Amino acid sequence: MTVSSPLALCAAQELTLAVRSRATQTFAAVFAALAIGVAASGYILSGGSGVQDFARTATSLVQLVLLIVPLMALVLGTTALSPDRGASELLFSQPVARRTLLWGRLLGLFAALIAAQALGFGASGLVIFSQSGGEGVTAFLLLMTGAATLTAIFLSVAALVAGAGEGRRRSRAMATAIFVWFAAAVLYDVVALGAASMLRSGAASRLLIVAVLANPVDAVRTGLLLAVQGTTAFGAASLALLRFAGGPGRAVFLILAGAALWTIVPALLAARRLDRADI
Amino acid sequence: MIAYARFTKRFGERTAVEDLTLRVEPGEAVALLGPNGSGKTTTLKAAAGLVQPTSGTVLVGMPGRPACDYQARASLSFLPQRVAFPESLTGREVVEFYRRLRGVDPSHADAALRLAALNGSSGRPVGTYSGGMVQRLGLAVALLPSSPLLLLDEPTAALDPDGLCAFYGVMERRKAVGQTIFFTSHHLGDAERLADRFAILVEGRLAALLTTRELADRLSAKGVLRLRLASAPDDLLERVRLLSSRATWSGDELIVPGSAAGRAPVIDLVRECGATILGLTAEEGRLDTFYRELTGGLR
């Protein structure tokens, strides 16, 4: 296929680079191995008679997605988008708008990461559905959609991280990216729950609602758990959001709106910064 | 055409270029010279739309449009000083990417690779290339479109003799068809061979704007004649000083500063005085000395 628009060209080039990158290949392999491990453990725990039950296995996959996918998007996105002086100078001196080049590169990275995740989902899906029949196919597809949403959000954040910082040094950008992942995927919940435990019930509830919506990892977790298992696996924060929204439909709407904002706003800020940057 | 009008660029506290007003006319080849850190690269990058002016304007093309307007860059091609490419792409993939991005005819890709003497290694990943090959690949990319304006930042820095020969050939052809070339160099030879005019930046300011002849004269005036002599009469130095007041002895070497035009009379005089010339060297003025003189003039 011959592509000719600058956006498509950049996307195709970034996809090629990401597919050839050792880091992408490693992430794909690690994600696939862990996903297969989670799926197989569901089978083993059932005593070899079938997957223990789809919901429990899928909930473990949700935890895996919430940990690995943001890390994958942040690390690979920051690596790819951090300015490399000689390459950036040549690329950005072409008669193409800087933000077109950025959108193209983000699209290519998104496609590469979705392809890398598809390997893991495909392999784990084979293990799960060979045992459980067709049960939970929709929830599994929603899980893949959640992973794609997290990929888009954290690639957008990676674009912002990669272009930020004095001197825009790669190592500094990478350290920031890893800190963002640690804060969003690990630290945030501990801090939010710790703060909520020191407040009265009403204030704690409001804090937890804001906490779920403000952190895309928590928001996607709530949405995915709702898709996989209903409200039975909800923690305090997700339940607070559900009560605030008045039902699953409105909670999902709030989560989707939050995810859209988290995808669009950092990418727009990154584009704005890139437009004004000296390269 | 490139037109800098009171162009100033500051990076934080540091002023890279200050109040530069300069026009490079269509079809002209202008060399931007200056010591390290004098603002040459910033000046060139401003014309390539990579650096936004702190104040003033930089227009490119005909009619002139702000260099930061991406559409204005359709009229130019830029070669960075230290070009780099993704290491996992092959040379051909790199050239193809930029060819498509510029909407250039496919036949140009092979021509550019041949010109850069990379047609034999275009199927190899860039990661296996030497520094010179990467620079030649950059040159191939920069020369892909037939842009009316070429911006080249130290284009010959990493070229071997074959690469240099190919580069000069292309530049002379591009000049012959009326393309504008604006380039930086530390090599006087490159500049003299290609440029019609010389803009000299010192400490971010335009210190001189000279024609080829004017630069040659200025450098020649800073030349030195060295004569190793035997049987020189005692009054030789006094007599030579009548021709060149700064002449001096250094061991058995008579050192006579001055332009090339003043050297023949000195040699004639030495012979008339009965001295034997054992050795003779003549040096033209060096750019670094010239820069120092210009720096002094600016202060």
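Can you say whether residue A:62 is buried (at least 23 other Cβ atoms within 10 Å of the Cβ), under 22 Å from residue A:185 (Cβ atoms) and modelled with pLDDT of 95 or more, as far as the supplied structure shows?
Spelling it out, it is not the case that residue A:62 is buried (at least 23 other Cβ atoms within 10 Å of the Cβ), under 22 Å from residue A:185 (Cβ atoms) and modelled with pLDDT of 95 or more.
I'm trying to understand the selection: among the residues of region B:122-139, which are touching a strand residue (DSSP E or B) at 6+ places or on another chain (Cβ under 9 Å) and either in a loop (DSSP other than H, G, I, E, B) or among the β-branched types (Val, Ile, Thr) (or both)?
Across region B:122-139, the qualifying residues are B:122, B:123, B:124, B:126.
With the requirement that a residue be closer than 19 Å to residue B:1 by Cβ and more than 24 Å from the chain's Cα centre (by Cα), what does region B:34-73 give you?
B:56, B:62, B:63, B:64, B:65, B:66, B:68, B:69, B:70, B:71, B:72
Just to be sure I understand, how many residues within region B:155-175 are within 14 Å of chain A (Cβ to nearest Cβ) and surrounded by 22 or more Cβ atoms within 10 Å (Cβ to Cβ)?
The number of residues fulfilling the criteria is 1.
Give region B:242-279 a look and list any residue that's surrounded by 13 or more Cβ atoms within 10 Å (Cβ to Cβ), in contact (Cβ under 8 Å) with a residue 24 or more places away in the chain and either assigned to a strand (DSSP E or B) or basic (Lys, Arg) (or both), or say none.
Residues satisfying the conditions are B:253, B:254, B:255, B:256, B:257, B:263, B:277.
Just one of B:206, B:287 is out of contact with any Phe, Trp or Tyr (no Cβ under 6 Å at 6 or more places or on another chain), surrounded by 13 or more Cβ atoms within 10 Å (Cβ to Cβ) and either at pLDDT 90 or above or over 23 Å from residue B:40 (Cα atoms) (or both); which is it?
Only one candidate passes the filter, namely B:206.
So the check is Cβ under 9 Å with 6+ separation or different chains; which pairs have a first residue in region A:239-263 that's over 23 Å from residue A:196 (Cα atoms) and a second one that's aromatic (Phe, Trp, Tyr)?
So the pair list comes out as A:250/A:244; A:262/A:154.
If only one of B:44, B:33 is closer than 24 Å to residue B:288 by Cα, modelled with pLDDT of 95 or more and not polar (S, T, N, Q), which one is it?
From the options B:44, B:33, the qualifying one is B:44.
Condition check: surrounded by fewer than 20 Cβ atoms within 10 Å (Cβ to Cβ), in contact with a helix residue (DSSP H, G or I) (Cβ under 9 Å, 6 or more places away or on another chain) and more than 30 Å from residue B:257 (Cβ to Cβ). Does residue B:216 satisfy that?
In short, no.
Yes/no per residue for (1) under 13 Å from the mean Cα position of the chain (by Cα); (2) over 29 Å from residue B:267 (Cβ atoms); (3) in contact (Cβ under 8 Å) with a residue 12 or more places away in the chain:
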{"site": "B:140", "(1), (2), (3)": "no, yes, yes"}
{"site": "B:185", "(1), (2), (3)": "yes, yes, yes"}
{"site": "B:189", "(1), (2), (3)": "yes, no, no"}
{"site": "B:209", "(1), (2), (3)": "no, yes, yes"}
{"site": "B:228", "(1), (2), (3)": "no, no, yes"}
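Test residue B:130 against the stated conditions and say whether it is within 24 Å of residue A:20 (Cβ to Cβ) and surrounded by fewer than 20 Cβ atoms within 10 Å (Cβ to Cβ).
yes
When the residues of region A:88-113 are filtered to those that are under 26 Å from the mean Cα position of the chain (by Cα) and within 13 Å of residue B:69 (Cα to Cα), which remaining residue is farthest from the other protein chains (Cβ to nearest Cβ)?
A:99
In region B:214-227, is there at least one residue being out of contact with any Phe, Trp or Tyr (no Cβ under 7 Å at 6 or more places or on another chain) and over 30 Å from residue B:31 (Cα atoms)?
Checked region B:214-227: at least one residue is out of contact with any Phe, Trp or Tyr (no Cβ under 7 Å at 6 or more places or on another chain) and over 30 Å from residue B:31 (Cα atoms).
Those residues that are away from chain B (no Cβ under 14 Å) and of a type in the set (Lys, Arg), I need them from region A:230-279; list them, please.
A:243, A:250 - these are the residues of region A:230-279 that are away from chain B (no Cβ under 14 Å) and of a type in the set (Lys, Arg).
Residues that are farther than 15 Å from residue A:237 by Cβ and out of contact with any strand residue (DSSP E or B) (no Cβ under 7 Å at 6 or more places or on another chain): which helices (runs of 4 or more DSSP H) entirely in region A:155-214 hold 1 or more of them?
Per the criteria, A:170-182.
Regarding residue B:285, is this residue touching a residue at least 40 places away in the same chain (Cβ under 8 Å), in contact with a Ser or Thr (Cβ under 7 Å, 6 or more places away or on another chain) and not charged (D, E, K, R)?
The answer is yes for residue B:285.
Is it true that residue A:85 is within 14 Å of chain B (Cβ to nearest Cβ), surrounded by fewer than 18 Cβ atoms within 10 Å (Cβ to Cβ) and either within 30 Å of residue B:60 (Cβ to Cβ) or at pLDDT 95 or above (or both)?
yes
Tally the residues that are out of contact with any Lys or Arg (no Cβ under 9 Å at 6 or more places or on another chain) and within 25 Å of residue B:244 (Cβ to Cβ), restricting the search to region B:198-213.
Qualifying residue count for the region: 1.
Is it the case that residue B:12 is within 10 Å of chain A (Cβ to nearest Cβ) and in contact with a Cys (Cβ under 7 Å, 6 or more places away or on another chain)?
So residue B:12 does not fit the description; no.
For region B:75-100: of the residues being in contact (Cβ under 8 Å) with a residue 40 or more places away in the chain, more than 9 Å from chain A (Cβ to nearest Cβ) and surrounded by 18 or more Cβ atoms within 10 Å (Cβ to Cβ), which is farthest from residue A:20 (Cα to Cα)?
B:99
Taking residue B:131 and the conditions (1) under 20 Å from residue B:290 (Cβ atoms); (2) free of Cβ contacts under 8 Å to residues at least 40 places away in the same chain, which numbered condition does it fall short on, given that it satisfies the others?
(1)
Could you look through region B:42-74, keep only residues that are among the small types (Gly, Ala, Ser) and within 8 Å of chain A (Cβ to nearest Cβ), and pick out the one that is surrounded by the most Cβ atoms within 10 Å (Cβ to Cβ)?
Of everything passing the filter in region B:42-74, B:48 is surrounded by the most Cβ atoms within 10 Å (Cβ to Cβ).
Answer yes if at least one residue in region B:101-118 is on the phi > 0 side of the Ramachandran plot, of a type in the set (A, V, I, L, M) and away from chain A (no Cβ under 14 Å), and no otherwise.
yes
The values are calculated or read from the model by the stated rules, or taken from the named source; none is laboratory data. Every value quoted in this text rests on a predicted model; they were computed, and no experiment measured them. Cβ atoms come from the backbone with ideal geometry, glycine included; neighbour counts cover every protein chain shown.
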